[in-house]
Amino acid sequence: MAKVTMQDIADALHTSRVTVWKAFNNREGVSLELRDLILEKAKEMGYGKFSASPILSSNRRRTVSLVVSRPETSVFWMNIVHAIAKELNQNNTNMIYAYLPTIYTDGYTLPDALCDGTASGCIILNVYDLQFTRMLNALNIPKIFLDTVPSLPTQEIRGDLFLLEGEETVRRLVSDLINLGYTRFGFVGDINYAKTNAFRYRGFTQALQEHHMSVDPSSCLLISQRDIQHYEEDVFAFLDSLETMPEVFICVNDYVAHVVDTYLTDRNISAPEDILITGYDGTAEHPSHSHMSATVHVDTAALGIRLAKQLLFRLDNPGGWREVVYVVSDIIYPSPSPKA
């Protein structure tokens, strides 16, 4: 009886010899299901070392990693994490956490699970340190980023990138308020922290330009936040420095809006009666949420499911072009609305 070759197995499955070789050597470019089918056919046909080897079932559980920094600081992030974990579990995939500090220090190395083959792919959340991002970017496994640092060009990202659309959304929001007669605007948020923050500020400036208005730099706080513990202190110091308050504060997210509202409340300035405050996220986790004149709703559960599905797709289809996905959300106006 002639010796079974890889070409024989390829012919039997109507695939290529290269694909069979990749499956035997656990290389990228072969889906989990096809790899198991090839190994099963190799055993069935009596091919060499696979003739008596136990064959992995296509139902075996894969393991992926969720790479996170400070997920517990916000309900927004925890909702996404829970949705990812649930979706992966329903698709027979284990999820392990890889926690990173907020700031890189010399000598730090990534968790072993990301580098030793334990994790076959990863989803990266709330990581906004450039050095960490570069280290993760270099991993030779499928990667899904939710947002990233503005200083890393999109074309250099070696994975799929999900971004919350903010430029057009904030442009429309500010334009709506200008059309209602508001003329003095401020912006609060670190635009060098995340690409989505930069997009929101760009939308803010575009709206003013379209209405032949200029940005007042003295009413905008765009500096890098030192850390979450000191950010409120930085915002309060900025607000203390203002000689005249704007009519509207456009805040980069709901947390920043909450900080601004806390400052105003402490000084008996009412929102939205005296000053309008807008945010972005729409999680309603902060007590000042009802004081906001507008925010942008992000469906965190749907977003988490979408991120998980994208990683599952990439595990089975590691080749091909990379994707940049913009998630578009709706503006919501809590009551009382500035449009009332």
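Values quoted throughout were computed directly from the atomic coordinates according to the rules given, and no laboratory measurement underlies them. Owing to the predicted nature of the structure, the values given are computational and were not obtained by experimental measurement. When we count neighbours, we look across all protein chains shown, and the Cβ atoms used for this are built from the backbone with ideal geometry, even at glycine.
When the chain is fully extended, how far beyond the present Cα-Cα distance does residue 202 get from residue 182, taking 0.36 nm per residue of separation? Numbers along the way, then the final one.
On the way: separation 20, 0.36 × 20 = 7.20 nm, distance 1.89 nm.
Difference between extended and current length: 5.3 nm.
Among the trypsin sites (Lys or Arg not before Pro) found in region 185-256, those both in a DSSP coil and sparsely packed, with 11 or fewer other Cβ atoms within 10 Å of their Cβ, are 226. Evaluated over the chain, the count of Lys pairs having alpha-carbon atoms less than 28 Å apart is 16 (only pairs 8 or more residues apart or interchain).
Say R0 is 45 Å: what FRET efficiency, to the nearest 0.05, do residue 134 and residue 273 get from their beta-carbon distance?
Values: r = 47 Å, r/R0 = 1.04.
Efficiency, rounded to the nearest 0.05: 0.45.
Largest GNM mean-square fluctuation across 68, 20, 235, computed for the chain with C-alpha springs under 10 Å, falls on 20. Every helix of 4 or more DSSP H residues in the chain counts as -39500 (n - 2.57), and over all residues that averages to -12000 deg cm²/dmol at 222 nm.
Computed over every Cα-Cα pair of region 201-336 and binned at 5 Å starting from 0, the pair-distance distribution P(r) comes out as 2, 8, 16, 18, 17, 14, 9, 7, 5, 3, 1, 0 percent.
Over the C-alpha trace of region 182-261, radius of gyration and Dmax come out as 12.2, 38 angstrom. At an R0 of 45 angstrom, the distance between the Cβ atoms of residue 216 and residue 302 translates into a FRET efficiency of 0.75. Near the amide H of residue 94, within less than 5 Å, lie the amide hydrogens of 62, 63, 64, all on another chain or at least 5 residues away, with H placed in the peptide plane.
Taking the radius of gyration and the Kirkwood hydrodynamic radius from Cα positions alone, what is the Rg/Rh ratio for the chain, to two decimal places?
On the way: Rg = 25.0 Å, Rh = 22.5 Å.
When Rh is taken as the Kirkwood radius, the ratio is 1.11.
Each part reduced to its alpha carbon centroid, region 108-143 and region 162-200 end up 31 Å apart. Testing the spin-label approximation: label points 7 Å from Cα along Cα→Cβ at residue 175 and residue 245. State their distance in nm. Between residue 175 and residue 245, the simple spin-label model gives 2.9 nm.
Computed over region 124-237, the convex hull of the alpha-carbon atoms projects to a mean area of 8.1 nm². Remark: spin-label model distance residue 155-residue 96 equals 3.6 nm, labels positioned 7 Å along the Cα→Cβ axis.
Hey, what's the per residue convex hull volume over the C-alpha atoms of region 6-50, in cubic angstrom? If you can, show how the numbers build up before the last one.
On the way: hull volume 2.7 nm³, N = 45.
Taking only Cα atoms, region 6-50 has a hull volume of 60 Å³ per residue.
Backbone geometry of region 200-216 corresponds, through the Karplus equation with coefficients 6.51, -1.76 and 1.60 at θ = phi - 60°, to 3J(HN,Hα) couplings of 5, 5, 4, x, 4, 5, 4, 4, 5, 4, 5, 9, 6, 10, 10, 6, 8 Hz, x marking Gly and Pro.
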